[in-house]
Amino acid sequence: MANSYLEDLFGLQGQVAVVIGGTGVLGGALAEGLGGAGAKVVVAGGNQQRGKACVKRIVDAGGQALFLSVDVSQRQSIEELLAAALKQCGQVDMLVNCAGVNSASSYVDASDADWQRVIDINLTGTHWGCQIFGAHMAAHGGGSILNIGSVTSHLPLSRVFAYSASKAAVVSLTQNVAREFAPDGVRVNALCPGFFPAEQNRAILDETRTASIMSQTPMARFGEPEELIGATLLLLSKKAGSFITGAAYYVDGGFTAMRF
Ligand SMILES: NC(=O)c1ccc[n+]([C@@H]2O[C@H](COP(=O)([O-])OP(=O)(O)OC[C@H]3O[C@@H](n4cnc5c(N)ncnc54)[C@H](O)[C@@H]3O)[C@@H](O)[C@H]2O)c1
């Protein structure tokens, strides 16, 4: 950062951020943003090729990053990720829980397997990330966690029943864990994006649904992943975000503000 005032407020020099789901479209953009603000970034996920491509983008831009694999549907895998991040980086100051999956169908056709997969990855994986990394941060002087909700944390969306339930629960979990860890200097917030075309929602954003979303979005467009970086830096940075915990911050072109 060129401006020292902004660097003091938002800069992440000397800190380590683990971005679970940094292999994805939004997680990759957040990882690049954190790297650009000076953090050493652990890009974590299941897709090594995408993870390493994200690492390369951060390093090419002058930052520091490495890839570590993790499967958030396995508690032990998240424990191993923390251990590996500590071994490679010596410390972990920030965690972004950005792994996620989606599934769409009519309610009566929603299969148990799909329901369980979405809840396991979106909710239980986020819970394990908070519990495992949060306990470490609490025991080592504090830190900051950012969970990824959605506009459907606030309003249920049609055809994505498990997804809507999982993201509403992510905000409830965020608030509850924020209270739990506040005495130990660990802040926990949720970033709730509107609609950003990515892998997990490509099949869901058909023409009809896109038209409906646009009609309910005052800015009448999809978001660009980079448009999530400013709010991410605010919520994660020690100084700019120092009194923010338990918050759910919507970056959605006005979708959740819209009422007919
Ligand atoms: N794109 C949007 O419009 C939007 C809106 C609101 C919230 N979100 C949320 O943002 C997050 C990122 O999604 P995205 O849109 O970038 O989608 P994406 O599909 O590009 O990224 C999701 C990432 O999660 C990873 N992942 C899935 N299962 C995993 C597992 N078991 N272990 C580890 N990693 C796993 C995937 O490999 C992928 O890299 C998700 O939580 C999603 O629900 C997205």
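The values are calculated or read from the model by the stated rules, or taken from the named source; none is laboratory data. Keep in mind that this is a model prediction, so the values were computed, not measured. Positions of Cβ are generated from backbone atoms using ideal geometry, with glycine treated the same way; all protein chains shown enter the neighbour counts. Just so you know, the surface numbers come from the protein's heavy atoms only, side chains and all, with ligands and any DNA or RNA stripped out. Shrake-Rupley method; radii C 1.70, N 1.55, O 1.52, S 1.80 Å.
For segment 206-235, a residue qualifies if it is part of a loop (DSSP other than H, G, I, E, B) and either open to solvent by 30 Å² or more (accessible area, probe 1.4 Å) or of a type in the set (S, T, N, Q) (or both), and the qualifying residues are 206, 216, 217, 218, 219, 220, 221, 222, 224. Taking segment 22-77 as the range and being part of a loop (DSSP other than H, G, I, E, B) and within 12 Å of the ligand (Cβ to nearest atom) as the test, the residues that pass are 22, 23, 24, 46, 47, 70, 71, 72, 73, 74. Considering (1) of a type in the set (A, V, I, L, M); (2) part of a loop (DSSP other than H, G, I, E, B); (3) modelled with pLDDT under 95, the lone condition that residue 244 does not fulfil carries the number (3). Scanning segment 1-21 for residues that are assigned to a loop (DSSP other than H, G, I, E, B) and closer than 26 Å to residue 201 by Cα returns a single hit, 21. Within segment 236-245, can one find any residue that is surrounded by 15 or more Cβ atoms within 10 Å (Cβ to Cβ), among the basic types (Lys, Arg), more than 21 Å from residue 102 (Cα to Cα) and in contact with a helix residue (DSSP H, G or I) (Cβ under 9 Å, 6 or more places away or on another chain)? Looking through segment 236-245, none of the residues is surrounded by 15 or more Cβ atoms within 10 Å (Cβ to Cβ), among the basic types (Lys, Arg), more than 21 Å from residue 102 (Cα to Cα) and in contact with a helix residue (DSSP H, G or I) (Cβ under 9 Å, 6 or more places away or on another chain). Of the set (1) of a type outside the set (S, T, N, Q); (2) within 13 Å of the ligand (Cβ to nearest atom); (3) over 27 Å from residue 244 (Cβ atoms); (4) part of a helix (DSSP H, G or I), all apply to residue 113 but (2).
Checking the stated criteria, residue 259 turns out to be free of Cβ contacts under 8 Å to residues at least 24 places away in the same chain and either among the charged types (D, E, K, R) or in contact with a strand residue (DSSP E or B) (Cβ under 9 Å, 6 or more places away or on another chain) (or both). When only residues in segment 141-157 that are hydroxyl-bearing (Ser, Thr, Tyr) and near the ligand (Cβ under 9 Å from one of its atoms) count, which is nearest to the chain's Cα centre (by Cα)? Across segment 141-157, the extreme among qualifying residues is 150. Listed conditions (1) crowded, with 17+ Cβ neighbours inside 10 Å; (2) in a helix (DSSP H, G or I); (3) of a type in the set (Gly, Ala, Ser) are all met by residue 100, apart from (2). Exactly one residue out of 60, 112 is surrounded by fewer than 16 Cβ atoms within 10 Å (Cβ to Cβ) and within 25 Å of residue 152 (Cα to Cα), and it is 112. Within segment 185-230, the set of residues being touching a Phe, Trp or Tyr at 6+ places or on another chain (Cβ under 8 Å), more than 9 Å from the ligand (Cβ to nearest atom) and within 18 Å of residue 121 (Cβ to Cβ) comprises 190 only.
Exactly one residue out of 179, 159, 117, 187 is open to solvent by 40 Å² or more (accessible area, probe 1.4 Å), touching a Gly at 6+ places or on another chain (Cβ under 9 Å) and not small (Gly, Ala, Ser), and it is 179.
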